[in-house]
Structures are given as structure tokens and as C-alpha cells.
Protein chains: 2
Amino acid sequence: MGNSFDKIVMVGAGNVAWHLAPVLEATGCAVTQVYSRRKKKAEELTRRLYQATVQTHLDFSDSPAELFILAVSDDAIAEVVRQIQLPTEAVVVHTSGGQSLEVLADAPTERIGVLYPLQTFSKPRSVNFRNIPICLEANDSEVLHQLTRLAKSISQKVKMISSEERALLHVAAVFANNFTNHMLQIAEQLLQDHQLDFTMLHPLIEETVAKALEIGPAQSQTGPARRHDEKTINHHLKYLRTYDPAYAKVYEALTQHIQAVANNT
Amino acid sequence: MGNSFDKIVMVGAGNVAWHLAPVLEATGCAVTQVYSRRKKKAEELTRRLYQATVQTHLDFSDSPAELFILAVSDDAIAEVVRQIQLPTEAVVVHTSGGQSLEVLADAPTERIGVLYPLQTFSKPRSVNFRNIPICLEANDSEVLHQLTRLAKSISQKVKMISSEERALLHVAAVFANNFTNHMLQIAEQLLQDHQLDFTMLHPLIEETVAKALEIGPAQSQTGPARRHDEKTINHHLKYLRTYDPAYAKVYEALTQHIQAVANNT
């Protein structure tokens, strides 16, 4: 049956491209060219690939590729769309959670889509794509069909997600990833400032998340805010105000919100 | 050599006692009696134990036990201290992160301490005590020595922690546990309200935490707040203000704090 796209161009060589390009090759596609504003990054990525070459400009009119994946930062998408030249019948997709399909409307092809892998990527950390939800969108059912075939070859969790839903997923991902990480950073900071090792909290953090994913975070919520333990809350706020008033503000905002949400449910 | 305490009484039959009592028995101690204000809970706990009996009052003057563990809610400790009667030479400890050693000062013994397992406990979830930090404090070096022997028999991570340090650990644990869980709850809520499945975020959450624990949350921080992506931040805030202004307030407070912390480091 083969894959839906035999030849693919990767525009961008950041964290998403770094992981996505080799995974696509593992399904039988060829990544033929890699473009990055920073040539060195494109070169690094090609070293992970079988026969990809570095391209230093965005004129792909003569490219043999059928799919062009814009794995660039949100801000750069519009600029790439303005500059890129594509062969006839090319499909172009971006990989962003925060951008609508429409940002590709001015691309020199009618066949546009989104392929958003819902995961946080960093170069040194390997990821198992089989479990990563791939959110797809396209302006045309044939393109959607082709993207679906491609996505299913790398992940078991392929979903059609509209631009509106994807925007919502992106907001939720900020809470689940960036803000969760920030909570851990505050905890680390508090411990470090008292010469205590952050690893002391590792078992607690691991259990917190394992429990939330198993029984759901709404069921898992405990602590002074949830049980309206004003004595402990005031004790903590008093401590944090001395430590750094900004930390106390965060504690207060989250305590109030935990209580408001609990009252609403 | 044997253990430092052969016979132990568990005052309280909540989540901490539920897990701690069987673990203590597994090291060779006998839990002889269990007290709870709610007799039924004490009975349930004794069923997990070898030969413990339920005691329905706090007069332990004739008890053969050497160690009395007050695994009750923070609010209840003072009341138990007022009512409890102990045999001569008894050691009494509480298990709370949020309470100082001093709350035991009025207990009818001079030999007081704290044994705080730094973990979140829930009845249906088994825990591996070997990895749980046990924070110890005592007002007397012999008691501290005895508690250390006991704690080392159940965990590889035994630490002397003062009341002041424990209070700090407790604040940090609120961020690492309660507030982290709340971030996940907000993400879940946003998805559910759009008929999207929270499990879509599971791989992202697992990777977020694995990465934060491996390379440290300060190094892991990404996202619109960290990179001062005002366009995305405003987009998210606009969305959240329509969804529920309280969620927008949390988003704003955390975004500001991420940026303030990044500027300070």
C-alpha cells in the first residue's frame, strides 16, 4: 500500500522537526530536503536522516516532494508562507497548536493542513510517537485522507481537530505543561533556598501525577485550599510574604481558584 | 538487634495510618492498638494488621506500647494531646508536615517527636515506602536515635528536619502536589467542556513531569509566558475571559510569575 507521501520536505529544524523527521523516515517516507534559517541546524538534522540535503532558500518549485511540513515557530509561519515556492499539487501543513489552519491560506497551494503532535519536545529526550495524539485538520477531504494515512503510520492516536478545538487544546496544554512545570519550579526554588534537595519531593510529584491521571485530578484534589484550612493557608501566606510577596500572590490566587472550582462542582 | 520499638499504638486510622501501620508491622513491630474517633475506621485498619485491637478511648496508661503515633488531622492533634494518657517512658510522635514539634509539648510525656512521611496517601493506592523521604525530629537525642532506627527500617531516605524546615517543605509540597494537581484539573475542565478527552493530554503531562524531574523545572520551562509571546498570551487570555474570568486571572497571575522568576535568575 505504501505511504500517502513518498517524499517530504522539512521546513524548520527545531525540536518538533528533530523528532518528527526520523519518525517519518521510519515509516518509509523519504525526507528529501531540510530548510532552516540557521543552516547549521538544518545540517544537524540531516545527519539524523538517510538522504536529506540542506536547502538554504525557500524556492522548492523543483522539489520532488509532495508534502511540506512547516515545523517552525508560530511567529515564523506567516513569513515562510510569504516566501515559500512550491511544486504543483504540493500539500503544506504546519505543526502548531496555537495557529489556525487559516495562517496557511496565502501559501502557493490550495492543499493545506495541520499536523499537530500534542507533546513537548526537547532534543535530548527521546519520545514514543505511538502514544502521542496527532491532531489533524485540512481544508479538503483528499488532503485530510492523505494526512490521516501518514499520521496513522506514526501514531495510534490520530484525531480530527478543528482550529477552534486546537486553540483550546493549546490553552489546556499551557496549564498541563508550562504551568505545571512552574509549580514544580516554585517548589524547587523554595527547597533550594533552604539547602534542601528537590529530589526529596520527587516521590510526591510522581505520585501526584500518577494519581491524577488514574482517578482524575478533580477526584485527587486535597490540601489546605480544598479543605478550607484557613489556619494553614494563613500560615503559608505569612511565610511566603516574607519570602517573596510574588510567591504569596500565586499561592493566594490558586487557593481562591481551587475553592471557587470546588464550589462550582 | 530487633527494632527500636516493639509495640506501637496508632492513634488515627486515616490515609497515613492506613499505609504506615502495615509497613511498620512488616519490619517486625507489632501494632497493638488502633484508636479512631470513628470506631468503624479503626476496625477497618485493624483488619489489615496481625493482632491489633480497637481502642475506643484515649487512656493508654496500661498499654504495653512504647511508641504512640498520632496520625490524625492537623486540627485534631491538640485535642488528642489534651486527652491522651500514656504509660511511663512512652514516646509520642505526630506525622504532620504542617505542625511543629511543639504542638506535642503538653503531652503527658517528655519524649516527643515527629515522623513525617513526605508523600500523598490515598487508601486504594499502594505506595513504596522505601523511596519516601521520612522527616524526623525529636526533642531528645535518644528518642531521635530510636526514631531513626525505626524510620530506616521502612525507608532509605531518612532525614533530620527541623520544624522550620518541615514548614517550608509543607509549603513546597502544596505547590508540588495540590497546585500541580489543580493545573491538571483546569486542563481537564477545559477539554471536558469541549467534549475532548483528558487522556489526550496524558502523554504531554507524563513527559512534562519526567523532564522536570530529570533536568530540573527551571531548565524545562517553555511556552508563551517564558518566551514573552504576547500575541499568544493575549489570545489565550481573550479566550479564557469568555470561558470564565477566574481562569483568565489564574493564567495571568502565573504568566506574570513565570516572567518575574525568569528575570530574577
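The values are calculated or read from the model by the stated rules, or taken from the named source; none is laboratory data. The structure displayed is predicted, hence computed values, not measured ones. Glycine gets a Cβ as well: all are built from the backbone with ideal geometry, and neighbour counts include every protein chain shown. Only protein heavy atoms, including side chains, enter the accessible area calculation; ligands, DNA and RNA are left aside. Shrake-Rupley method; radii C 1.70, N 1.55, O 1.52, S 1.80 Å.
Applying the selection to segment B:82-101, what residues are out of contact with any helix residue (DSSP H, G or I) (no Cβ under 7 Å at 6 or more places or on another chain) and either surrounded by fewer than 16 Cβ atoms within 10 Å (Cβ to Cβ) or in contact (Cβ under 8 Å) with a residue 60 or more places away in the chain (or both)?
Across segment B:82-101, the qualifying residues are B:Arg82, B:Gln83, B:Ile84, B:Gln85, B:Thr88, B:Glu89.
Filter segment A:223-243 for residues that are closer than 18 Å to B:Ala253 by Cα, more than 9 Å from chain B (Cβ to nearest Cβ) and without any contact (Cβ under 8 Å) to a residue 12 or more places away in the chain and give the result.
Answer for segment A:223-243, where residues must be closer than 18 Å to B:Ala253 by Cα, more than 9 Å from chain B (Cβ to nearest Cβ) and without any contact (Cβ under 8 Å) to a residue 12 or more places away in the chain: just A:Arg241.
In segment B:187-207, how many residues are farther than 19 Å from A:Ala210 by Cβ and open to solvent by 30 Å² or more (accessible area, probe 1.4 Å)?
Count: 5.
Would you be able to say whether some residue in segment B:51-66 is in a helix (DSSP H, G or I), open to solvent by 10 Å² or more (accessible area, probe 1.4 Å) and over 22 Å from B:Lys152 (Cβ atoms)?
no
List the number of the failed condition for B:Ile215; all other conditions in (1) farther than 21 Å from A:Ile132 by Cβ; (2) free of Cβ contacts under 8 Å to residues at least 60 places away in the same chain hold.
Only one criterion in (1) farther than 21 Å from A:Ile132 by Cβ; (2) free of Cβ contacts under 8 Å to residues at least 60 places away in the same chain is unmet by B:Ile215, namely (1).
Out of segment A:122-150, which residues are under 30 Å from B:Ile215 (Cα atoms) and not in a strand (DSSP E or B)?
Listed by number, the residues that qualify are A:Ser122, A:Lys123, A:Pro124, A:Arg125, A:Ser126, A:Val127, A:Asn128, A:Phe129, A:Arg130, A:Asn131, A:Ile132, A:Pro133.
Suppose we filter B:Phe121, B:Phe129 for residues that are farther than 23 Å from B:Asp75 by Cβ and in contact with a helix residue (DSSP H, G or I) (Cβ under 7 Å, 6 or more places away or on another chain); which single one remains? Give the derivation first.
On the way: B:Phe121 fails: farther than 23 Å from B:Asp75 by Cβ.
Result of the check over B:Phe121, B:Phe129: B:Phe129.
Name, by its number, the condition in (1) under 30 Å from B:His235 (Cβ atoms); (2) over 19 Å from the mean Cα position of the chain (by Cα); (3) open to solvent by 10 Å² or more (accessible area, probe 1.4 Å) that does not hold for A:Glu165.
Here A:Glu165 meets the rest and fails (2).
Residue-by-condition table, conditions (1) free of Cβ contacts under 8 Å to residues at least 12 places away in the same chain; (2) more than 8 Å from every other protein chain (Cβ to nearest Cβ); (3) out of contact with any Pro (no Cβ under 6 Å at 6 or more places or on another chain):
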{"residue": "A:Phe121", "(1), (2), (3)": "no, yes, yes"}
{"residue": "A:Phe129", "(1), (2), (3)": "no, yes, yes"}
{"residue": "A:Leu136", "(1), (2), (3)": "no, yes, yes"}
{"residue": "A:Val143", "(1), (2), (3)": "no, yes, yes"}
{"residue": "A:Ala176", "(1), (2), (3)": "yes, no, yes"}
{"residue": "A:Asn181", "(1), (2), (3)": "yes, no, no"}
{"residue": "A:Gln185", "(1), (2), (3)": "yes, no, no"}
{"residue": "A:His194", "(1), (2), (3)": "yes, no, yes"}
{"residue": "A:Met200", "(1), (2), (3)": "yes, no, no"}
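Would you mind stating whether B:Glu79 is surrounded by fewer than 20 Cβ atoms within 10 Å (Cβ to Cβ), modelled with pLDDT of 95 or more and acidic (Asp, Glu)?
Answer is yes for this residue.
Which one of these does B:Glu43 not meet: (1) surrounded by fewer than 16 Cβ atoms within 10 Å (Cβ to Cβ); (2) part of a loop (DSSP other than H, G, I, E, B)?
(2)
Only residues that are open to solvent by less than 10 Å² (accessible area, probe 1.4 Å), outside any helix (DSSP H, G or I) and under 12 Å from A:Ala65 (Cβ atoms): list them for segment A:1-28, please.
A:Phe5, A:Ile8, A:Val9, A:Met10, A:Val11
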